[in-house]
Amino acid sequence: MTTSRIAGFYNLTLDERRAKLADASRLTPELLAAWTSGGLSPESADPMIENVVGLHSLPLGIGLNFQVNGRDVLVPMVIEEPSVVAGASFMAKLARAGGGFHATTSEPEMIGQMQVINLPNINEARLKIYEHKAELLATADEIDPVLKKFGGGARDIEVRIIESSPIGTFIVVHLIYDVRDAMGANAVNTACEKLAPQIEAITGGRVHLRILSNLADRRLARARCTVPMQELEIAGQNGILSHTGESVRDGIIAAWAFAASDPYRAATHNKGIMNGVDAVVIATGNDWRAIEAGAHAYAARTGRYTSLSTWGKDADGNLVGALEMPMAVGIVGGATKVHPAAQAAVKLMGVKTASELAEIIVSVGLAQNLAALRALATEGIQRGHMTLHARQVAIAAGAEGEMIEKVAAQMVAEKVVRSDRAEEILKGYTGTQVHT
């Protein structure tokens, strides 16, 4: 059985971490090797995109302590930003004390859009499409027999009238398509292409664009958690309480209220959520640009951009949080099936459906949101970032081996984390001029 609780993981060497991970997850050496090699060779990358000349690597870390719907999950996260993996892991530990994360998803329905222009009569065209809805759905349902075999296929037709556009009034036909465990772009785009001539014949207009929408507001993932108030207490020096659980809880709620009310703050607030979400989406070979686009469009669905998450307190005074957002991810097709590192990521989490993957991802997003809010509401965001960022600055200044920690520690103590200061400190230790 997988356990997400691995004590002292951060302090282990790379080899020791991989050994612990293998023990905790029963991942085979072959799958683990996909992460040590990057998973791709230039030759295997060549057919994936155009004009390939090489590879670009990012760190892959493991989110610990996650319990989603009563199941322990080790979460692969690909990201270059310091403190994200540690922050999400620590918040997962706090949430674990309150029962972990509880997550659900709606049906995996995607929206294909067909823009119909040059119509002789807008309202008549709209009604005619509804009159022919059954035959349109029947046509779309036969396009992908494999998807249909697994229970997917066309579900509904909707027609919207777009008024006052720069080109005048036109209609948009929405094809609602259940894509099961796929992300769905290829299936939906193919269905829209197939239906276009039929819709033109019905309406007398011309189908211009026909393409999937990344505002997947029919394919939502939701997560909630409860953090007992005592888990929020922060000890200062000598074990003396520096922040009570009540003050941290109220600080988190006040910080969320800022994001709920102000789009300038909401943009950064939601970026923190996406730090966690994108890291898992990238690790599993899914389309993080599509997830980003859908998330931010969903945050503005009322006409005002706002927070994707909500935070408050329950009747017992515990902190409660929830996150709801579109989550169009798949475990079949695309890079998820051809990239060995993505395959290892899916295997590590033990997910059998795209819905299970979405539930984990939205839980990580909520955890990372909590980590950012807790930091902002207490010691400030910079303290958590500073140590890890200082190491990067020290390395960039030329520090190697044990000197990395020495230079970083001094910069953190001075609260001056800059490349010029790193070079000065390094010179003081070594007595040599460093290159810039």
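The values are calculated or read from the model by the stated rules, or taken from the named source; none is laboratory data. Note that this is a predicted model, so its numbers are computed, not measured. No Cβ is skipped: glycine too gets one built from the backbone with ideal geometry, and neighbour counts run over all protein chains shown.
The table for this structure:
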item	result
Filtered residues of the stretch 91-133 (kept if within 13 Å of VAL173 (Cβ to Cβ) and either assigned to a strand (DSSP E or B) or polar (S, T, N, Q) (or both))	ILE111, GLY112, GLN113, MET114, GLN115, VAL116, ILE117
The one condition in (1) part of a helix (DSSP H, G or I); (2) free of Cβ contacts under 8 Å to residues at least 24 places away in the same chain that ALA88 fails to fulfil	(2)
Selection status of MET327, more than 21 Å from LEU32 (Cα to Cα), surrounded by 17 or more Cβ atoms within 10 Å (Cβ to Cβ) and touching a residue at least 60 places away in the same chain (Cβ under 8 Å)	yes
Single condition VAL78 does not satisfy, out of (1) closer than 30 Å to VAL393 by Cα; (2) modelled with pLDDT under 95; (3) β-branched (Val, Ile, Thr)	(2)
Residues (modelled with pLDDT of 95 or more, crowded, with 19+ Cβ neighbours inside 10 Å and either over 22 Å from the mean Cα position of the chain (by Cα) or polar (S, T, N, Q) (or both)) located in the stretch 81-97	SER89
Number of the exception - LEU21 against (1) hydrophobic (A, V, I, L, M, F, W, C); (2) modelled with pLDDT under 90; (3) part of a helix (DSSP H, G or I)	(2)
Any hit, the stretch 217-232, residues being assigned to a strand (DSSP E or B) and charged (D, E, K, R)	yes
Considering residues of the stretch 151-171 that are without any contact (Cβ under 8 Å) to a residue 40 or more places away in the chain and among the charged types (D, E, K, R) only, the residue surrounded by the fewest Cβ atoms within 10 Å (Cβ to Cβ)	GLU163
Test for SER247: is it touching a residue at least 12 places away in the same chain (Cβ under 8 Å) and out of contact with any Leu (no Cβ under 6 Å at 6 or more places or on another chain)	no
Scope the stretch 3-21; condition closer than 17 Å to GLY63 by Cβ and either β-branched (Val, Ile, Thr) or surrounded by 12 or more Cβ atoms within 10 Å (Cβ to Cβ) (or both); matching residues	THR3, SER4, ARG5, ILE6, PHE9, TYR10, LEU12, ARG17, ARG18, LYS20, LEU21
Residue in the stretch 223-235 that is more than 30 Å from GLY285 (Cβ to Cβ), out of contact with any helix residue (DSSP H, G or I) (no Cβ under 8 Å at 6 or more places or on another chain) and modelled with pLDDT under 95 present	yes
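The rows are residues; the columns are (1) at pLDDT below 80; (2) among the small types (Gly, Ala, Ser).
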| position | (1), (2) |
| --- | --- |
| GLY398 | no, yes |
| GLN410 | no, no |
| ALA422 | no, yes |
| GLY431 | yes, yes |
| HIS435 | yes, no |
